[in-house]
Amino acid sequence: MSNAPTDFFARHYGVSPTDLERYLAAALARGGDFADLYFEHQASSSLRLEEGIIKSASQGISLGVGVRVLSGERTGYAYTDDLSPEKILRAAATAAHIASGATATHIVGLSDTPPGRNLYPVAAAAAGDTGMLGKLALVRRAERAAREHDARIVQVQVGYADELRQILVVASDGRCSADAQPMARLSVLALARENGVTEKGHSGGGGRVALEFFDEVLTPEALGEQAAREAVQQLAARPCPAGEMEVVLGPGWPGILLHEAIGHGLEADFNRKKTSAFSGLLGQRVASEKCTVVDNGTLPGRRGSLNMDDEGAPTHCTTLIENGILKNYMQDELSARLTGAASTGNGRRESYAHMPMPRMTNTYMLAGNDEPADIIRSVRRGLYAVNFGGGQVDITNGKFVFSASESYLIEDGKITAPVKGATLIGNGPDVLTRVSMVGNDLKLDQGIGTCGKDGQSVPVGVGIPTLKVDRLTVGGTQ
Amino acid sequence: MKDLAERVVAEAARRGATAAECVIRYGRELSVNVRLGEVESIKQAEGKALGIRIFKGQQAGVTHSSDLAWPAVSAMLDAALAIAEASSPDPFAGLPRAEDLGRREGDLQLYDPAVLAVTADEALDLARRAERAALACDARLTNSNGASFDAGEGTKILANSLGFVGEVRRSSCSLSVAPIAEQNGAKQRDYWYAVARGPSDLEPPETVGRRAAERTLRRLGARKAATGRYPVVFEPKTARSLLGHILEAVSGEAVYREASFLTGALGREVAVPALTLVDDGCQPAALGSAPFDAEGVPTRRTVILGEGRLQSYLLNSYAARKLNLATTGNAARGLAAAPGVSCGNLTMEPGKQSPEEIIAAIPQGLYVTELIGFGVNAVTGDYSRGASGLWIENGQLAYPVEEITVAGNLKEMLRQVAAIGNDLEFRGAVNAPTIRIDGLTIAGR
């Protein structure tokens, strides 16, 4: 059996290298600077358990190819979910329309360009189809752990979802690369009730991993307990104070702060168009010198990791901010071409039905020297936020928001009462300049992040060590 | 395609399913973007997919595929049967009752063939005109996130083993513009959009552009507001998001899971008497309309909140059985899961005051024009979101504010509604007039 990148689509759908060159030629028939084809076969399965029974179990296959033609700043895009030559040629002709009048581009003969790394060493072919029984056992174990954690837990919902995505990217510059990308995720929602008050707790995790991950790294028991603990904790929480105060972020998932406050603003498309609050700031100080932030797509097994991006470029560890100085933006093919930069392997898309854009992979801040306990001790009155729901940012002015699902008051250097409903709001260009302490305890999240941009969702990772922000607005009701 | 759906259902029975359902969707889309007058992208595509739900007694399996050739569909049928066998019996599982099935008669005006007639060049022209109108408004409009025109049409076919076969064809198109303004080195953006079943029903591009420009310009020079408790006025666009949270809380699924702050509140007074909230899935030409829901139950008009009283939840047949109620025809589904619950057209009925009168009555408060973030908890009703808008001083919109949060609790907010505007705006499937809510906490300086 051959291991050529084209193997999967050749074997199952009869797509040959000659066909691929023909499609690219059709895409560039009216000119254009660059064309690529993105073939995708995605097998997915999901399970949902609630009230102690499997409420929904499903499985599916989605298949298609997207054809893209670039001509200067213009993009023509067409896709079809039918891999017959007629349909693909028609899509290529449609995408080619945009480039009419431009000079003809020579198509380089395709050559295999393997990603050169193997970040998800699972038996990829099996990951999308490991059989129901193992997955059923996982959700049941998570449920049991949540229920057994505390008698006040009244409802538990557990969801499991996995997918295996086979992709093939071929481009007019001769690139031809393929990847088999697994993904699995287990998530738990627990409701706790006491004296007529109901509160919820969430947990979740996974990555580009096989089912064994949940036995060896992150057990369903741990996830069940996390959700139950948060729900019970919230029963005792009091309303959150409102106003500006010192904020300490716990390590791991609170790194969503970086993702919202800084990450999106450093995506190359917004900077090329000068629509980001960070446009034109390369080489300038944008954070306190304690801050070094990277976007790293090369971490084994992580949710945001990729052997290659969705344009066939190898992923990198890109330093975005080094000791407070803005070093790099995250590039996809289009922005890199237009600004004379190189792709940083950040071109990503939700599926064959979507055009690629610069997107984050795993974005995190490197560890500092402060002891987490010292950070807490330094706060006279503030908020300690350890778990979060979602966040959002307005790229243009850098205003970001994110919501804490578990947080505590800090009074006179001690963590005191749990509070609920804390929302943090700030300004991207300001917030990292106010980071005064950086912990030595860098942690990445457990693998639950999904990032939305222009209506497209992609999996991402985030992380931070314990961080102190000297001043941030906390939205609460008191 | 109808034949394929019926064949799937018949074949499921032959292979041992006790009940089955098949949904097929196919459609086309055209989407263009221009930025600063230049073409940025043109996208054109067609897609299709098929979903199967089968039951073996009280056990269910769901599968989907974008490959509609028979060998692929047949494999999906077998997979659905295998999943059903592996899953747990659920006493409430099943199709709707046969007597609940049917379709709303008459022409709901959901399809305008003109959507398919729009060429890429015409679409680009609409987007260009809208952006040009926006940028021409003021010299401070120096940049743009672009303008886009999107059009699509789709057909949905549903067949089940109780003999229901339905087909519906719908179209829609939209035009949006997102200009950027700059003043003293600070940038702001906002946007405006129009949406309709067909291009001739869209607001003119010049109107969309002008409104986008006005919204963007009025944000320039924004500052933070002082922390405190103030009346908050939600303009129709942000009021619509409040309705979205209420929708989540009155969804029968959240209610039977006891994951809603309105669990157990049916028949009770939960809001001010002035508040009437209606869902209507068969309103002609409206964006959320359909003759039948995702289970083949006719859509209808349901009063959710009437004179402040919670009169109905929104239900699919599963949530209805769990709660011992009748379905309201609000089943909705993607292909990858069993049906959930969604609204048809959710509308808050307008009041008598104009938005100007509502603002004029407020000595100090906030007029919210944008909300961001996800700080809404449907279980407790806790509400805390990032906001920007205009500060109200002595009954006038005085200056723009940003980087603040608005917090309260939805359960209380329903009782703190102090005024409802006469400016109900239809723009999508969820529609609201201006709403004033008192006693919310604003966090800022």
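Within the shell of other residues whose beta carbon sits under 11 angstrom from the beta carbon of A:M308, the net charge comes to -1, with Lys and Arg scored +1 and Asp and Glu -1. With an a/c value of 1.5 or above and a/b not larger than b/c for the gyration tensor axes a ≥ b ≥ c computed over the alpha-carbon atoms, chain B is described as oblate. Placing a pseudo-label 7 Å from each Cα along the Cα-to-Cβ vector at A:R117 and A:S457 gives an inter-label distance of 2.7 nm. Taken along the Cα-to-beta-carbon direction at a fixed 7 Å, the label points for B:V303 and B:R97 span 2.4 nm. Applying both filters, DSSP loop and at most 14 other Cβ atoms within 10 Å, to the GluC sites (Glu not before Pro) of segment A:199-238 gives A:E212.
Full extension of the chain between A:E216 and A:Q478 yields a length gain of 90.0 nm, computed as 0.36 nm times the residue separation minus the alpha carbon distance. Restriction of the trypsin sites (Lys or Arg not before Pro) in segment B:253-326 to DSSP coil positions whose beta-carbon has at most 13 other beta-carbons within 10 angstrom yields B:R268.
Using the Cβ-Cβ distance between A:D374 and B:A75 with R0 = 56 Å, the FRET efficiency computed as 1/(1 + (r/R0)^6) comes to roughly 0.40. Basic side chains Lys and Arg get +1 at the Cβ, acidic Asp and Glu get -1 at the Cβ, and with that the dipole of segment B:334-445 about its Cα centre reaches some 280 debye.
Farthest towards the positive end of the charge dipole of the protein assembly as shown, among the residues A:Q446, A:T423, A:G301, is the Cα of A:T423, using unit charges on the Cβ of Lys, Arg, Asp and Glu. State whether segment B:184-232 is rounded, prolate or oblate according to the following rule on the C-alpha gyration tensor (a ≥ b ≥ c being the square roots of its eigenvalues): a/c under 1.5 gives rounded; otherwise a/b larger than b/c gives prolate, and the remaining case gives oblate. Oblate, because a/c is 1.5 or more while a/b does not exceed b/c.
Take the accessible area of chain B alone and of chain A alone, subtract that of the pair, and you get about 5600 Å² summed over both chains, using a 1.4 Å probe.
Looking at the protein assembly as shown, the DSSP beta bridges with both ends there are about 90 percent antiparallel.
Between B:N394 and B:T207, residue separation times 0.36 nm minus the direct Cα-Cα distance comes to 64.3 nm.
Think of it as helices only: each DSSP H run of n ≥ 4 in chain A is worth -39500 (n - 2.57), and spread over all residues that comes to -5500 deg cm²/dmol at 222 nm. Using Cβ point charges alone (K and R +1, D and E -1), the dipole size of the protein assembly as shown about the Cα centre works out to roughly 900 debye. Spin-label model, B:S354/A:T433: points 7 Å from Cα along the beta carbon direction are separated by 4.4 nm.
Rounded to the nearest 10 degrees, the inclination of helix A:132-149 to the longest alpha-carbon principal axis of chain A is 20 degrees. Decide, for segment B:298-357, between rounded, prolate and oblate: order the square roots of the alpha carbon gyration tensor eigenvalues as a ≥ b ≥ c, take rounded if a/c falls under 1.5, and otherwise choose prolate if a/b is larger than b/c, else oblate. Prolate is the answer for segment B:298-357, as a/c is 1.5 or above and a/b outweighs b/c. Using the Cβ-Cβ distance between B:L36 and A:E322 with R0 set to 41 Å, the FRET efficiency works out to roughly 0.80. Checking the Cα-Cα distances for A:K87/B:K48; A:K273/A:K327; A:K290/A:K399 against a 20 Å cut-off, the pairs over it are A:K290/A:K399. Given R₀ = 56 Å, FRET efficiency for A:H106-B:E269 by Cβ-Cβ distance, to 0.05? Efficiency computed from Cβ-Cβ geometry: 0.15.
Per-residue mean of foreign Cβ neighbours for A:40-53 is 3 (Cβ atoms of other chains, 10 Å radius). A 1.4 Å probe run over segment A:17-85, with the rest of the protein chains in place, finds 25 Å² accessible per residue. Can you give me the C-alpha center-to-center distance between segment A:1-58 and segment B:1-77, rounded to a whole angstrom? Each part's Cα centre sits 17 Å from the other's. Look at the dipole of the protein assembly as shown built from charges on Cβ: of B:V62, B:G27, A:A236, the Cα furthest out on the positive end belongs to A:A236.
The trypsin sites (Lys or Arg not before Pro) of segment A:241-308 that meet both conditions, a loop assignment by DSSP and at most 14 other Cβ atoms within 10 Å of the site Cβ, are A:K274. Charging the Cβ of each Asp and Glu at -1 and of each Lys and Arg at +1, and nothing else, the dipole of segment B:179-317 about its Cα centre rounds to 740 debye.
Accessible-area rank, largest first, for B:K224, B:K352, A:K468, A:K327: B:K352, A:K327, B:K224, A:K468, with all protein chains present and a 1.4 angstrom probe.
The values are calculated or read from the model by the stated rules, or taken from the named source; none is laboratory data. In this text the structure is predicted, and so the values were computed from the model without any measurement. Heads up, the Cβs are rebuilt from the backbone with ideal geometry, glycines too, and the neighbour counts pull from every protein chain shown. Side chains included, ligands, DNA and RNA excluded: accessible areas come from the protein's heavy atoms. Shrake-Rupley method; radii C 1.70, N 1.55, O 1.52, S 1.80 Å.
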